[in-house]
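The values are calculated or read from the model by the stated rules, or taken from the named source; none is laboratory data. Only a predicted model underlies this, so the values are computations on that prediction, with no experimental measurement involved. Here the Cβ positions follow ideal geometry from the backbone for every residue, glycine too, while neighbour counts run over all protein chains shown.
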Amino acid sequence: MNAFCKNIPDKTFEKLNHNGEFTRLAVSPGIINKHYTPAQFQAMAKVVGEIGAIKYSTSYSILLSIPTVDVADTTKELQDAGLYVAKQGPIVVMKACDFCDGDKMEAAPITEQLFHSLEGILVPTRLRLNVNGCASACYNAVYDDIGLVYQKDSFDVYLGAVPMGANAQAGTLFAKRVAVDSIESLLHEIIRLYNEHARPNEPFYKFYRRTNSAEYWKM
């Protein structure tokens with residue numbers, strides 16, 4: 001009975017901003033962990049209160065709309081509850097699968113290393129790097145700007161996916177079986193090329209598809 005009982009929400013981010021200044025925070029239990037605790041849900045409900053809004057997203061996170069004046073205090077409260085609050089802006093952001101709920105953690109150490117090395121680097125427009133821990137790639141790494149699919153001490157690297165719209169399509173295989181100890185430097189080079197050769201505000205997929213025949217991609 002509840003599946004279609006209310007199709008139009010009262011508190012969208014746009015509607016909230018008609019009557020005040022709100023900021024939206026993307027919150028998750030972590031890059032790999034996808035399991036929330038009851039206490040974490042209570043913390044999210046508390047910071048949103050009666051005036052904000054909660055929405056789930058396709059990016060493995062929950063979106064919290066809160067008054068902008070409360071962002072600093074709210075962020076600390078959420079972090080104290082063990083939640084990860086994603087950074088905003090035109091930066092490199094990390095996504096990852098759940099590594100089969102922790103049963104296949106071989107790629108977890110290098111994923112954490114990549115997070116500390118790459119997350120937050122400024123780029124022309126927001127760039128999503130998605131790491132999947134086995135060849136199943138069930139968290140759709142190939143449908144993000146840069147997709148890494150782990151296979152026995154190496155990664156297959158996919159670039160240039162169009163994630164949505166009538167022309168949506170997976171990225172193309174850019175490099176196969178890149179050794180774990182080489183993947184970080186390769187990603188830094190790809191990001192450097194994006195920063196150096198992209199047009200202002202050019203999404204990564206448009207940049208890559210426009211330039212993929214350029215000599216500098218022959219690494």
Item to check | Candidate set from segment 95-136 (those that are crowded, with 17+ Cβ neighbours inside 10 Å and of a type in the set (S, T, N, Q)); member that is farthest from GLU196 (Cα to Cα) | outcome: ASN132
Checklist entry - Given the structure, is ALA166 buried (at least 20 other Cβ atoms within 10 Å of the Cβ), at pLDDT below 95 and either more than 16 Å from the chain's Cα centre (by Cα) or assigned by TED's automatic domain parsing to the domain that holds ARG209 (or both)? => result no
Next on the checklist: Tell me which strands (runs of 3 or more DSSP E) are completely within segment 1-95 and hold 3 or more residues being touching a residue at least 40 places away in the same chain (Cβ under 8 Å), or say none if there are none.
Outcome noted: 22-28, 62-67
Checklist entry - For VAL92, which of the numbered conditions (1) exposed (fewer than 15 other Cβ atoms within 10 Å of the Cβ); (2) within 22 Å of VAL142 (Cβ to Cβ); (3) not polar (S, T, N, Q) fails to hold? => result (1)
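Of everything in segment 100-113, what is assigned to a helix (DSSP H, G or I) and touching a Phe, Trp or Tyr at 6+ places or on another chain (Cβ under 9 Å)? Give them in sequence order.
Once the filter is applied, which keeps residues that are assigned to a helix (DSSP H, G or I) and touching a Phe, Trp or Tyr at 6+ places or on another chain (Cβ under 9 Å), segment 100-113 yields ALA108, ILE110, THR111.
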Checklist entry - Of all residues in segment 104-153, which are more than 29 Å from ASN201 (Cβ to Cβ), touching a Lys or Arg at 6+ places or on another chain (Cβ under 8 Å) and hydrophobic (A, V, I, L, M, F, W, C)? => result CYS134
Checklist entry - Right, ALA179: among the aliphatic types (A, V, I, L, M), surrounded by fewer than 16 Cβ atoms within 10 Å (Cβ to Cβ) and within 18 Å of GLU112 (Cβ to Cβ) or not? => result yes
Item to check | Subset of segment 31-40 that is surrounded by 14 or more Cβ atoms within 10 Å (Cβ to Cβ) and more than 11 Å from LEU78 (Cβ to Cβ) - its residue that is nearest to the chain's Cα centre (by Cα) | outcome: ILE31
Next on the checklist: Considering only segment 63-83, I want to know if a residue exists there that is closer than 23 Å to SER182 by Cβ and either buried (at least 16 other Cβ atoms within 10 Å of the Cβ) or in the same structural domain as ILE190 (by TED's automatic domain parsing) (or both).
Outcome noted: no
